[in-house]
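Before any comments, here is the structure.
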Amino acid sequence: MTQQRVAATDRLFGYTTVRSLKFEFDPERSVCDLTLQLENPANRKALILVLMQVSNLKLQEFGGGLTQLLYLTIEDIQEFQLDRINFRIKDVERGMLQCYCTDFEIREVADSEGST
């Protein structure tokens, strides 16, 4: 696993509250992308996690009030040489979310983006 990807899981630590989840299909590329906005309840800061070319998305017990992903991990699985799958994203604590993706991006939420 690359140092950059290990750092990605560390960067998500503490960002447990799901502010928004957006699943989009791009008909031109024939792929689905998933965007999660996650908040750290301790300091009210937020991050956006964009998962590109998502496959095998599994959600369970999601919504109905406050939704938290308590231990979200990003695992580099490129060594398995799966078609268009490089990473496994998983909520280890409760198993509420799991999927595979080609790539991902983590970015900070600007103050203007933060309110929902």
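When residue 67 is tested against (1) more than 14 Å from residue 103 (Cα to Cα); (2) surrounded by 15 or more Cβ atoms within 10 Å (Cβ to Cβ); (3) at pLDDT 95 or above, only condition (3) is not met. Residue 25 meets all of the listed conditions (1) assigned to a loop (DSSP other than H, G, I, E, B); (2) surrounded by fewer than 17 Cβ atoms within 10 Å (Cβ to Cβ); (3) of a type outside the set (Asp, Glu) but one, namely (1).
Quick one: which of 20, 30, 55 is among the hydroxyl-bearing types (Ser, Thr, Tyr) and over 14 Å from the mean Cα position of the chain (by Cα)?
Values: 20 fails: over 14 Å from the mean Cα position of the chain (by Cα); 55 fails: over 14 Å from the mean Cα position of the chain (by Cα).
None of the others qualify; the one that does is 30.
For region 33-95, the strands (runs of 3 or more DSSP E) that sit wholly inside it and include 3 or more residues that are more than 18 Å from residue 9 (Cα to Cα) are 55-59. For region 51-64, a residue qualifies if it is on the phi > 0 side of the Ramachandran plot and either polar (S, T, N, Q) or at pLDDT 95 or above (or both), and the qualifying residues are 53, 56.
Take residue 9 and decide whether it is part of a strand (DSSP E or B), of a type outside the set (A, V, I, L, M, F, W, C) and either over 12 Å from the mean Cα position of the chain (by Cα) or within 20 Å of residue 108 (Cα to Cα) (or both). Judged against the criteria, residue 9 is not a match.
Is region 3-14 home to any residue that is of a type outside the set (S, T, N, Q), in contact (Cβ under 8 Å) with a residue 40 or more places away in the chain, surrounded by 17 or more Cβ atoms within 10 Å (Cβ to Cβ) and touching a Lys or Arg at 6+ places or on another chain (Cβ under 8 Å)? So far as region 3-14 goes, no, none of its residues is of a type outside the set (S, T, N, Q), in contact (Cβ under 8 Å) with a residue 40 or more places away in the chain, surrounded by 17 or more Cβ atoms within 10 Å (Cβ to Cβ) and touching a Lys or Arg at 6+ places or on another chain (Cβ under 8 Å).
The values are calculated or read from the model by the stated rules, or taken from the named source; none is laboratory data. From a predicted model like this one, the values you see are computed outputs, not experimental measurements. Don't worry about glycine lacking a Cβ; one is built from the backbone with ideal geometry, like all the others, and counts go over all protein chains shown.
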